Each structure stands twice: as structure tokens, then as C-alpha cells.
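Accompanying notes for the structure given below.
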Amino acid sequence: MSQKTIVNLNHNDLDALGCVLHLNEKTPNINKKYFYTNYRDLEEKVSDVYDFCFMNKPDLLLITDISFSSHKHLLKKLEEVKKICPVVLIDHHAYEDSFFDEFDFPIYHDVTKSATLICEEYFKTSNKSLNTLSRLINTFDIWDMKSPKFRVSLSLNNFFNKKTGNITIDEYANTIKNDGYRLPELKEFIKQDIETSKTKIEDFKKRKLITSDGFFTVAFVDEYFNEILYEQFLKYKVEFVLIANSYGITRFRFNALGKFNTQQKEEIKQKLIGTLNIGHLNAFSDKIQNSNFDKIMKKVEEVYNILSNYKNQIF
């Protein structure tokens, strides 16, 4: 390959966008080949990256914002690429303590930061506008409810989802860079997004799709779950929220500002999904196989019973 090339295997969310922005900012004259995964196709995408690298011999394989906690064999496969070029992993997901011990390539891992912020540090990005955007992405991705920009970051995520509906993340990243990382449409979008989400959530409540006892909240929704969490955690001080959608995906969320301690969270997470090495401590998900109403309600009852055992401990 005559021209220098960087291969980037990335997630497909807002944090992934931040990683691409920093990569593009620091390597403007180097060709990039992007691969994105939604985890359901992770094995396929790893194979595609592996084949591309051995066929084209790029100058770097950069892996960003992807958890391999349940797919160690796939990271071992990507490590083989170091035979032809350097391999670097930048990630912030939860892993068991010894997970990376058997790997021998640069790994930048920090659960306290988004992959975007780790990329900013790795590339030593000096563009102030991009770094301001990085911190907003970081606020959303690590769910920093103490930040005064937290509600804005929720709208930024919705804005990202709207903008990337028909284009790739790297295509949108080019638009953002050309606009000087200012996102000129975002301010007006935020106003509309806040009003729309309030209206939608009130409708959910009237239809009894959101119920709460002040400690545990259950929401049966397919959308606006981040805004529901924002209200439940910050306004109502709820300790735990379960969001179940029509596809059988269950999202489990602890209030990061709540009363559960780390040990209790780990015990509950282990009971709910059987592992600590998926997602994050305060935010993780599961899938109900062959989902139906009865199975969803059974899961709600299971979660309620588990949490009830801890209620007296924290109050």
C-alpha cells in the first residue's frame, strides 16, 4: 500500500464519533479505513478487519471504544495483525483484572473516562473547539450527572443519532470538522429536543408505561430512555431504573449519585446478568430470549425482588 493508511475498528455511537474526530484531527493527510460494529456483528467485523490488514498492510490498526470482555478470542485474533503493523487498543469498558495480562501491544484503558477523552490524551489534541466537544461527549458517555452540561449532552446524543441516520460516522465527522467543531444547529435542536422529550415522557406516564415506588422505577419504552433516567435520577432521586423495550432488551441503571455502594452494585449486577465484565458498573444491559409479555414481567419481578433485599441496607 503506497499511501499511509490507518485502519480503525470502532463502535457506532457518540463516543465512537469522538474517537474518529480526534483521529482525523491528528492525521489529516493519512488515509483511513473505518469499520464499525454494533456488537451483534462483532465477529464478522473482526474478520473483515483481519482480512483487510493482511491483504493491504496498513501502517496502524487502531481499535477504539469496543469491549472484548466476552470476546477475548476476537481480540487475540486482532493481536495477530501486529505481525504486519502496530496495533493499539483504546477502551473504557469493564474487564476482569487480569484480562489484558496475556496481550502484548499498547492498551490504553480507563473506566473513568470515555474513549473519546482517552483518544484526546493519546493524540495530544490541541484544538480547543474539538476538546470542548470532547468533554461534552465524555459527559454523556460516562453519565456525569454532576456536570452542568449533562442535560445538553443528552440532546447531543439525540442530535448525533439524527445526523448519522443515513451517513457513516466518519462522513459526519468530516462535516463537523469543516464547521470548526461548532455544531451550529445544535443550540436550536436542544430547545426542541427538551420540549419533545418532556411531552413524550408525560404521555408515557399517563399510559402507565412508567411506574415507580420512589426506589425502583420500571419503564416499558423504546425511546427517550436517557431522558427518563435523567428525570428519575435527578428529580425523583430513584435508586435504580429498569427499562424494557418491545424487543426484549432490558437496560439496568443505577443512580450514580445514589446510595448503593460499589460492592452492592457488583453483587446485584452479578445476580442480574451473571458477570461483571459487560458494560459498566452503573449501566449494563441484557436480552430476554424469545421475549413476550410474561417473560418481561417475570424479569421485572426478579429485579424487584433482588433490589428489595438491599433496600433496608441503604435506608
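Annotation: the residues C85, C53, sorted from fewest to most other C-beta atoms within 10 Å of their own C-beta, follow the order C85, C53.
Centre-to-centre separation between the Cα atoms of the stretch 27-93 and those of the stretch 94-144: 17 Å.
Projecting the Cα atoms of F159, Q232, T196 onto the charge dipole of the stretch 139-282, computed from C-beta unit charges around the Cα centre, puts Q232 farthest toward the positive end.
Couplings for the stretch 191-201, taken from phi via the Karplus curve 6.51 cos²θ - 1.76 cosθ + 1.60 with θ = phi - 60°, read 4, 5, 5, 5, 5, 4, 5, 4, 4, 5, 5 Hz in order; Gly and Pro are left as x.
The HN-Hα couplings worked out from phi for the stretch 123-129 by the Karplus form 6.51 cos²θ - 1.76 cosθ + 1.60 (θ = phi - 60°) are 8, 6, 5, 10, 6, 5, 5 Hz, whole numbers, x standing for Gly and Pro. At an R0 of 25 angstrom, the distance between the Cβ atoms of Y39 and L281 translates into a FRET efficiency of 0.85. Taking Cβ atoms as reference points and 12 Å as the exclusive limit, the residues near D13 contribute a net charge of -3, counting Lys and Arg as +1 and Asp and Glu as -1. Using a cut-off of 15 Å between beta-carbons, work out the net charge of the residues near N127 (Lys and Arg +1, Asp and Glu -1, N127 not included). Residues close to N127 contribute a combined charge of +2.
Of all beta bridges DSSP finds with both residues in the chain, what is the antiparallel percent, to the nearest 5? If I count the DSSP bridges inside the chain, around 35 percent turn out antiparallel. Mind checking which lysines have their Cα closer than 20 Å to the Cα of K4? Skip sequence neighbours fewer than 8 apart in that chain. Within the straight-line cut-off, K4 pairs with K26, K32, K33, K57, K82, K83.
Measuring from centroid to centroid over Cα atoms, what is the spacing of the stretch 267-315 and the stretch 167-209 in Å? For the stretch 267-315 versus the stretch 167-209, the Cα centre distance is 30 Å. Ranked by the mean number of other Cβ atoms within 10 Å of their residues, highest first, the peptides 13-25, 39-51 fall in the order 13-25, 39-51.
Each value in this text was obtained by applying a stated rule to the coordinates, not by laboratory testing. Quantities reported herein were computed from a predicted structural model and do not represent experimental measurements. Methodologically, a virtual Cβ is constructed for each residue, glycine included, from the backbone with ideal geometry; neighbour enumeration extends over all protein chains shown.
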